[in-house]
Amino acid sequence: MADFFNAVRAALQASSPDNKLSLTRFAMGKLDGLKKADIRNSFGEPTDVYAPGCPEYPKLVLPKHLPKRAMGTLEGRKIMMHAIAHIEFNAINLALDAAQRFNDMPLAFYSDWMRVAAEEAYHFELVRAHLRHLGGEYGDYPAHNGLWEMAESTAHDVLDRMALVPRVLEARGLDVTPGIQKKFINVGDTHAATLLDIIFKDEIGHVEVGSRWFRYVCKERYLKPTETFIALVEKYFPKGIGGVLNLDAREQAGFSEAEIKILLGE
Ligand SMILES: [Fe+2]
């Protein structure tokens, strides 16, 4: 009965992108065997949060050392697609980690995060295919580790993880994607813009999964969701999260009016 969690951990630990993709799908197939009553017994030990499987390349660097994404050149478009591929690769690990780290959640929590992991795997493949079409490969450029660092700092509590990873970092993707799409359209790369359309629609669903489980944990602990969310954002981002919010997408992704107002500083 430990099959499901073992399979998720094997996918999380896989270093090569292709192995990670196939092991993620394999783990997804093991979901059917997971029963509510078994979760506690079959859960086992979560993988160390400092040890997700990542390939040797891309090399991880500080954000200030990342190459510039000047979209007017082929090289700039490759760098942008590479950055998106890296986000999707991390997103597979983040969803797998949610499914293997937190014990005692309802069955639907694990199936939700596995669905997210499988969609992220699909996004990674879509983006990598276009990167290859442009003449690049995942690993060609350096990348940063910001997404995973937040997984590390929230590994101790499902409440913090749900608030900070899907509802802050992944929600940021909803805010910036339309602008990136426009840039691709402006340089005539409508294929990239179409891929971003598919990804954007799925990402709304992923953030919504985070919102739903965040509220579930709040309810279990008798916490008020809006106040709790804002307190967590302030704890992890004392200088604020900044940037323009995509209000429509955030509303669809389960942000309350009160949360949006506070994030906007109103
Ligand atoms: Fe994605």
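The values are calculated or read from the model by the stated rules, or taken from the named source; none is laboratory data. Because the structure is a prediction, the values reported are computed rather than measured. Please note: Cβ atoms are built from the backbone with ideal geometry, for glycine as well, and neighbour counts cover all protein chains shown. SASA here: full protein model, heavy atoms, side chains in, ligands and nucleic acids out. Shrake-Rupley method; radii C 1.70, N 1.55, O 1.52, S 1.80 Å.
Yes or no, residue by residue, for (1) touching a His at 6+ places or on another chain (Cβ under 8 Å); (2) small (Gly, Ala, Ser):
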site	(1), (2)
Ile87	no, no
Gln100	no, no
Val116	yes, no
Val127	no, no
Ala143	yes, yes
Ala171	no, yes
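Screening Lys201 against (1) within 13 Å of the ligand (Cβ to nearest atom); (2) in contact (Cβ under 8 Å) with a residue 12 or more places away in the chain; (3) of a type in the set (Lys, Arg) leaves a single unmet condition, (2).
Let's see how each residue does on (1) within 14 Å of the ligand (Cβ to nearest atom); (2) modelled with pLDDT of 95 or more; (3) not acidic (Asp, Glu):
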site	(1), (2), (3)
Ala85	yes, yes, yes
Phe89	yes, yes, yes
Asp112	no, yes, no
Ala121	yes, yes, yes
Val127	yes, yes, yes
Tyr141	no, yes, yes
Glu149	no, no, no
Arg167	no, yes, yes
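Just one of the listed residues (Arg77, Arg132) is more than 14 Å from the ligand (Cβ to nearest atom), free of Cβ contacts under 8 Å to residues at least 12 places away in the same chain and either touching a helix residue (DSSP H, G or I) at 6+ places or on another chain (Cβ under 9 Å) or open to solvent by 10 Å² or more (accessible area, probe 1.4 Å) (or both), and it is Arg132. Scanning the range 1-60 for residues that are of a type in the set (Ser, Thr, Tyr) and either open to solvent by 90 Å² or more (accessible area, probe 1.4 Å) or farther than 24 Å from His156 by Cα (or both) turns up Ser16, Ser22, Tyr50, Tyr57. With a requirement of 2 or more residues that are among the aliphatic types (A, V, I, L, M) and touching a Lys or Arg at 6+ places or on another chain (Cβ under 8 Å), the helices (runs of 4 or more DSSP H) lying completely within the range 1-106 that satisfy it span 3-13, 74-101.
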